[in-house]
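Asker: Structure below; questions to follow.
The values are calculated or read from the model by the stated rules, or taken from the named source; none is laboratory data. The structure presented is a predicted model; accordingly, all values stated were derived computationally and were not measured. Note that we place each Cβ from the backbone using ideal geometry, even for glycine, and neighbour counts take in every protein chain shown. SASA here: full protein model, heavy atoms, side chains in, ligands and nucleic acids out. Shrake-Rupley method; radii C 1.70, N 1.55, O 1.52, S 1.80 Å.
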Amino acid sequence: MSGSGFFSSKAFAVVGASADRAKYGNRVLRWYIDNKLPVTPINARADGEIEGLASVKALGDLQKAQQEQGGDALLSVSVSVVTPPQVSQRVVEEAAALGIRHMWFQPGSEPEALDQLGEKYGIQVIGNGPCILVEGERMLLAQEARL
């Protein structure tokens with residue numbers, strides 16, 4: 001999928017963010033930071049901060065944090081996923097229940113039948129190939145050019 005709406009969001013989250021700088025969950029998180037995009041790390045086992053940002057344990061916690069800050073609904077959040085496929089399946093279902101509409105599954109994180117899941121839940125998904133570390137900058141610039 002083109003991902004044309006992914007970078008139109010006001011905020012971003014990385015599910016599977018890691019404090020380990022060698023892991024892709026950390027590299028993807030740093031990509032957002034380096035590109036000055038508002039991002040929240042999400043990791044079920046993390047406590048405190050990752051890369052100096054307050055982390056939350058689940059997408060539902062992200063919603064609570066946003067509401068406490070007076071933020072918009074999660075419709076304005078795009079989510080990058082860097083988790084094993086069996087975990088990613090649950091992440092899609094949780095995202096759908098929260099009203100999230102844009103998700104980017106990094107290579108190796110895609111659940112089975114990703115495109116059908118996206119269609120079932122009304123989520124625009126990017127997956128089965130492009131990595132944000134490779135394609136993100138080009139797609140971000142393309143979105144900015146449309147504004």
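Asker: Give me Rg over Rh for the chain, both radii from the alpha carbons and Rh done the Kirkwood way, two decimal places.
Answerer: When Rh is taken as the Kirkwood radius, the ratio is 0.92.
Asker: Moving on. Please list the helices of the chain that count as membrane-span-like by this rule: a mean Kyte-Doolittle hydropathy of at least -0.5 together with Cα atoms stretching 18 Å or more along the helix axis, each helix being a complete DSSP H run.
Answerer: Qualifying helices, which must be both long enough and hydrophobic enough, are 85-98, 132-146.
Asker: Could you sort 115-124, 137-146 so that the peptide with the highest average Cβ count within 10 Å comes first and the rest follow in order?
Answerer: Order by mean packing, descending: 115-124, 137-146.
Asker: In nanometres, what is the gap between the two model label sites at Arg45 and Ala145, each 7 Å from Cα along Cα-to-Cβ?
Answerer: So the label points at Arg45 and Ala145 sit 4.2 nm apart.
Asker: Could you report the chain's accessible area per residue, 1.4 Å probe, as an integer in Å²?
Answerer: 51
Asker: Given q = 0.14 Å⁻¹, what are the Debye log10 I(q)/I(0) values for segment 102-147, with equal point scatterers placed on the Cα positions and solvent ignored?
Answerer: Reported log10 I(q)/I(0), two decimals: -0.38.
Asker: Okay, moving on. Return the single residue from Glu49, Glu135, Glu94 with maximal mean-square fluctuation; model: Gaussian network over the chain, springs between Cα atoms under 10 Å.
Answerer: Taking springs between Cα atoms under 10 Å, the residue moving most is Glu135.
Asker: Moving on. Kindly state, to the nearest 0.05, the FRET efficiency for Asp20 paired with Asn128, given R0 = 25 Å and r defined as their beta-carbon distance.
Answerer: Efficiency for this residue pair is about 0.45.
Asker: Can you list the lysines whose alpha carbon is less than 26 Å from that of Lys64, not counting same-chain residues fewer than 8 positions off?
Answerer: Excluding near neighbours in sequence, the set is Lys10, Lys36, Lys120.
Asker: Net charge near Leu29, counting Lys/Arg +1 and Asp/Glu -1 over other residues with Cβ under 14 Å of its Cβ?
Answerer: +1
Asker: When the chain is modelled as a GNM with alpha-carbon springs shorter than 10 Å, which of Ala58, Ala17, Ala113 fluctuates the most?
Answerer: Largest GNM mean-square fluctuation: Ala113.
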